[in-house]
1. Look through 287, 354 and report the one residue that is of a type in the set (A, V, I, L, M), assigned to a helix (DSSP H, G or I), under 22 Å from residue 238 (Cα atoms) and open to solvent by less than 30 Å² (accessible area, probe 1.4 Å).
2. Identify, by number, the condition in (1) at pLDDT below 90; (2) under 16 Å from the mean Cα position of the chain (by Cα) that residue 162 doesn't meet.
3. For residues in region 3-41 being among the small types (Gly, Ala, Ser) and open to solvent by 20 Å² or more (accessible area, probe 1.4 Å), which is modelled with the lowest pLDDT?
4. Identify all residues within region 189-201 that are open to solvent by 50 Å² or more (accessible area, probe 1.4 Å) and over 15 Å from residue 154 (Cα atoms); write none if there are none.
5. Checking the conditions here, which among 276, 259, 313, 303 is in contact (Cβ under 8 Å) with a residue 12 or more places away in the chain and in a helix (DSSP H, G or I)?
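The values are calculated or read from the model by the stated rules, or taken from the named source; none is laboratory data. All values derive from a computational prediction rather than experimental measurement. Heads up, the Cβs are rebuilt from the backbone with ideal geometry, glycines too, and the neighbour counts pull from every protein chain shown. Accessible surface areas use protein heavy atoms only, side chains included; no ligands, DNA or RNA. Shrake-Rupley method; radii C 1.70, N 1.55, O 1.52, S 1.80 Å.
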Amino acid sequence: MPLNLAIILPTLNERGNLGPLVERIEGALGDDGWEVLIIDDDSKDGTADEARALALSDRRVRVIQRIGRRGLASAAIEGFCATAAPYVAVMDADHQHDPALLPAMLASLQAGEAEICVASRFALGASTADWAEPEREKLSGIANAMARKLTGVALTDPMSGYFMLPTATARALVPRLSGIGFKILLDLLATSPHPMQAKEFPLNFTARREGTSKLDRAILLDFLAGLYDKTLGRVIPTRFALFGTVGALGVIVHMAVLAALLLGMGEGFVFAQAIAVLCAMSFNFWLNNWLTYRDKRLIGWGAVLRGWAGFCATCAVGAFANVAVATLLESQGVFWALAALAGIVIGSVWNYALSSRFVWGRF
């Protein structure tokens, strides 16, 4: 059979899940007419090596190992552009998504019944009984309600990570996709110039086969970041907006620590200011690592400590730029408040540029 379908599997530490999943896909689709694209974010457990070992004996398996970039959405985008198959599916590699739905989804698209097919955890006939994570299920319900308002598509699960569409449709939307975070389906639906005709397939959403989930409580914030990107992201880049928001919260932390040391403990201003600066920078680093650069998050004590030191050094340079610009403008007769604001903007842009480059990755 000619190549009809590519299944994109974004992976991060899924070594033990790959072989059994390829077998399940073969059981659902037969011997040919499909390929699996494993897009691995440089997993530390040898996922990419396992994928290459599978590819040596199975030409239907291909591997893209990404260095210096992470995130499910961007991995799916690279998959869209890396296949010649006329149809493309995205699914998780952890066995929570049942490959048995693939043939019916493909047949529906080929028959022209829909522009996109979505495996839904919440459609009539679906089940999440084996998921056993009520907190994440509740967060998904909240995010789904907001997503329906954003996209105008009446889906029960617009936040699903398991869907299929014509590859040409996906590639046509790629230049305008944000590629932020984990919810590529929401990005596709919100970017489409018209509400896409969708068909849902009830999914029995089960527990992962092995390994641990990559999603955490920041998933709702991740959704809000995607929402911002689709509304104001063309004016102020989303990551810079998050960086600036964290910086504003850092100012509150700074003033709180300064007031506590000065007024509550009677410390001198120089000591109190130094401690407040250190606390604010540490808070900013932690929150940026958890939220702003979630897809590039530093993990492990060694990486975190090196990142913290680099972030503090970056902020010191930014603070110098801030003061230098503000002082120069004020000496030229610019109103002091405007001069200070200009200094803050320059310092923030400088900190953002340097920390993006040297703290959270080369790219």
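1. Working: 354 fails: open to solvent by less than 30 Å² (accessible area, probe 1.4 Å).
Every option except 287 fails the conditions.
2. Tallying (1) at pLDDT below 90; (2) under 16 Å from the mean Cα position of the chain (by Cα), residue 162 fails exactly one: (1).
3. Within region 3-41, the first condition is being among the small types (Gly, Ala, Ser), and the residues that meet it are 6, 16, 19, 27-28, 30, 33.
Within this subset, residues satisfying the condition of being open to solvent by 20 Å² or more (accessible area, probe 1.4 Å) are 16, 27-28, 30.
On the way: 16: 90, 27: 95, 28: 95, 30: 94.
If we take residues in region 3-41 being among the small types (Gly, Ala, Ser) and open to solvent by 20 Å² or more (accessible area, probe 1.4 Å), then 16 is modelled with the lowest pLDDT.
4. Hit for region 189-201 is 193, nothing else.
5. Details: 259 fails: in contact (Cβ under 8 Å) with a residue 12 or more places away in the chain; 313 fails: in contact (Cβ under 8 Å) with a residue 12 or more places away in the chain; 303 fails: in contact (Cβ under 8 Å) with a residue 12 or more places away in the chain.
It is 276.
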